[in-house]
Structures are given as structure tokens and as C-alpha cells.
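The values are calculated or read from the model by the stated rules, or taken from the named source; none is laboratory data. Since the structure is predicted, the reported quantities are computational estimates derived from the model, not experimental observations. Counting neighbours? That spans all protein chains shown, and the Cβs are built from the backbone with ideal geometry, glycine included.
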Amino acid sequence: MSIVDWIFVTGIALTIVALLGSAYFLVQILRTSQQIRRLPVRRIKNKKKRRFIARKRQKLINKRKRSLRYCLVLLVVTVLFGGASGYLSYYQSMNLTTDDSDSVVKGYYLLRDFEEQITIAKEKGDDEEKMQKNIRYLATAMASYGSKTASTSNSQEGQLTLNRYYNAVKQLGMNASTQTKNFYGNAAVVNDFLEDIKKVETYEKAAFAYYNVDESAFSQEK
């Protein structure tokens, strides 16, 4: 698990402990209140017994006050940890995990590099063997996206969006791996793949939009 996952689990555990603690002290408050009500209310003639009951009542009242104080403190802690854990869960569901972020970044550059290489191959702009080697490498890298799945920390919609993107990249890579020798000087094949790239980019844009990824940052880095 990531650090964020550990923080979330710890937050949930502390929330449960604090809630159980507040429940315990609430029970103590109710029990103490019952004990206070059971004490004699009428004035007792026996002075020694009267003092004993007065001390006992005061002791129980103090105990109830302490229990109330602890109960309130633990309730506040429960709300704080519960709220923080809830926000963290929401944050996780709406933001890319480290692994997914790395996959999206890598996929972005793979797609652009592949487009660049097949465009060069179309125009015979470089050595044929070199072009085949480059395209084969990129195709294999894209096909490996078949082993990737979105983190379950993401929302269901987010997982679906990412998995569609990963699958589209994988499919493009698998198709390209069977055509590595057919790109060079073949405008028809290249044009077909350029259309496929545009389709993959629609899934990519959907993932970027959902997770608020700034595409311009990729262009600047490149």
C-alpha cells in the first residue's frame, strides 16, 4: 500500500477507536446517573450516614463530569478523524495514484513517439531497419498496457475511464506489432494507424479531463 493508503487505514482505525471510547464513556455517564438517582433524597437524621451519602454523591457527580468530558473529547476526535478519512478517500478517488500517473505519462509519450516514427517511416525519412526497430520497441511498450489496471483507490468512473485508455493503448500496440515491417513507405497502413491514434487520444483526453491533468505540461517537458 502507498503512504496515502496507510494514512487512510490508520485514520479509519483511530476513528473507530475514538467512537468506541466515546460510547464507553456514554455508558459510564448513564450508569453513574442511575447510581446518583438511587441515593436517598430525603435528609437523613444520622449525621455520619448523611456525610457518607453526600461524599458518595459528590464522588459520583465528579465521575460523571469526567466521563462527560472524555466522551465529548472523543466525539470531537471521532468527527475530526472521520472527516479527514472521508476527505482523503474522496481525494484518492479523484486523483491519480503514483502508478497510474506514471502509466498515463508514459502512455502519452509512447503515443506521440509512435505517431512520429510511423510518420517518418511513411516518408522514408530514415533507415528502414532502424525505423522497424523503433516501431517494434514502441509497439511492444504499448502492448504491455494490457497488464495494467486502474487502482481500486479511484472511483468506479475513474477506473473505467483509465481502463478504457489502457486497453486502447494496448490494442494499438498489439496491432502495430504485427505490422512493424509494413510501415516503411506505406501511406495506406500509416494513415490507418494515424486514425487509430486519434481514437486512442479520445480516451486519453477523457482520462485527462476526469483527473484534471494539464496536457500542456507534457508538451513543455517534451
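In table form, for the structure just shown:
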| item | result |
| --- | --- |
| Residue count, the stretch 64-117 (criterion: within 18 Å of the chain's Cα centre (by Cα) and assigned to a helix (DSSP H, G or I)) | 22 |
| The stretch 162-171, subset in contact (Cβ under 8 Å) with a residue 60 or more places away in the chain and of a type in the set (A, V, I, L, M, F, W, C), residue nearest to S101 (Cα to Cα) | L162 |
| Candidates E129, E115 - the one that is out of contact with any Asp or Glu (no Cβ under 7 Å at 6 or more places or on another chain), farther than 30 Å from L14 by Cβ, surrounded by 15 or more Cβ atoms within 10 Å (Cβ to Cβ) and not basic (K, R) | E115 |
| Hits in the stretch 86-116 - residues which are among the polar types (S, T, N, Q) and either in contact (Cβ under 8 Å) with a residue 60 or more places away in the chain or touching a helix residue (DSSP H, G or I) at 6+ places or on another chain (Cβ under 9 Å) (or both) | S89, Q92, S93, N95, T97, T98, S103 |
| Criterion: among the basic types (K, R), under 26 Å from N163 (Cα atoms) and either surrounded by fewer than 12 Cβ atoms within 10 Å (Cβ to Cβ) or assigned by TED's automatic domain parsing to the domain that holds Y210 (or both) - qualifying residue of K124, K106, K48 | K106 |
| Some residue of the stretch 46-60 being in a helix (DSSP H, G or I) and either touching a strand residue (DSSP E or B) at 6+ places or on another chain (Cβ under 9 Å) or within 20 Å of G21 (Cα to Cα) (or both) | yes |
| Qualifying residue in the stretch 173-183 (condition: surrounded by fewer than 19 Cβ atoms within 10 Å (Cβ to Cβ), farther than 28 Å from I3 by Cβ and of a type in the set (A, V, I, L, M, F, W, C)) | yes |
| Long-range neighbours under 9 Å by Cβ, at least six apart or interchain, first residue in the same structural domain as I135 (by TED's automatic domain parsing) and on the phi > 0 side of the Ramachandran plot within the stretch 181-194, second outside any helix (DSSP H, G or I) and not acidic (D, E) | G185/K124 |
| Flag if A54 is under 16 Å from the mean Cα position of the chain (by Cα), modelled with pLDDT under 90 and either over 30 Å from A187 (Cβ atoms) or among the basic types (K, R) (or both) | no |
| Of the criteria (1) surrounded by 13 or more Cβ atoms within 10 Å (Cβ to Cβ); (2) in a helix (DSSP H, G or I); (3) of a type outside the set (D, E), which one K199 fails | (1) |
